[in-house]
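Written out below as structure tokens is the structure these notes cover.
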Amino acid sequence: MARRLSLLLSVWLSVLLVGIAAAQSPDEIVAVITSPTDGQQLFGLINVTGSAEHPTAFDSYTLEYSDQSDPNASWMLVQPAVQQQTLNAVLGTWNTNMVPDGVYRLRLRVFLTDGQSQEFTVSSLRVVNSAPTPVPTTAAGVSDPAISAPVPGPSPTSPIEQPPSSNPLAGETTALDTTGGETAPLAPVSSEPRAEKSTRINTQRVRGAFCAGVYLTLGIFGIMIVYYLLRGRLRPYTRRLAWDVQDDYEHE
């Protein structure tokens, strides 16, 4: 009996310590860049989107870039530090015209009021602002007939929409080519907006559910311990009461 009671007490204390640690654990720092992504080619003004937040102790966040080809390159600010939280929105704008073409890294850092920080880095970003646009050229004094002289083509014709018929392919529109070609069905266009799926997990709800389960478990263990304690102490009295009842019944 004593061994079983000590085992129950040990389990109860362990669960209690786990619950206290979970209740006092800090909330998760959210620091993520969703655009641009690793290996993307950039030019001009780039809107950096993502999230930078913390439920209770948010202080500020910064956006920085560095030359990935130089291991000793220092991080440079894209903009001054921002003291406002951002969730799935524009974190800042990076003007890539101010840097030479090359491969860069982009870093987001989120700072808390207690000194903690979290960072997220996007690598292999290729800046190509000075890439020339290819233009077809010809030899001096020689005109290219394929460029200078337009090639006549068939006159454009408008498709004629046919009246509804008993065609089993309902919902399709048939276009009639007046040049003598075959008719081709046009696929119907759906006007329903695409539903966007959100994969974000609410850490506060998860932690609240976990703490509720811990407290429920602690309550059950407490009731079991009280039951075993009372049963051990009341057993002599219950036995004596049972014997007295049995004696009274036999005398009657």
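No value in this document is a laboratory result; all are computed from the given coordinates. Here the structure is a predicted model, which means the values were calculated and not measured. Ideal geometry is used to build each Cβ from the backbone, glycine not excepted, and the neighbour counts take in all protein chains shown.
Of Val48, Val103, how do they rank once you tally other Cβ atoms within 10 Å and put the fewest first?
Going from sparsest to densest Cβ surroundings: Val103, Val48.
Okay, which of the stretch 65-101 sit inside 19 Å, backbone N to the point 7 Å along the Cα-Cβ direction of Ser35?
86-97
Mind putting a number on the dipole of the stretch 30-127 about its Cα centre? Charges go on the C-beta only, +1 for Lys and Arg and -1 for Asp and Glu, and I need it in Debye to the nearest 20.
Numbers: 4 positive and 9 negative charges, 31 e Å.
Roughly 160 debye for the stretch 30-127.
Extension gain Ala57-Tyr227, at 0.36 nm per residue separation less the Cα-Cα distance, in nm?
56.8 nm
With the contact rule set at Cα under 8 Å and sequence spacing of 6 or more, what percent relative contact order holds for the stretch 30-127?
39 percent
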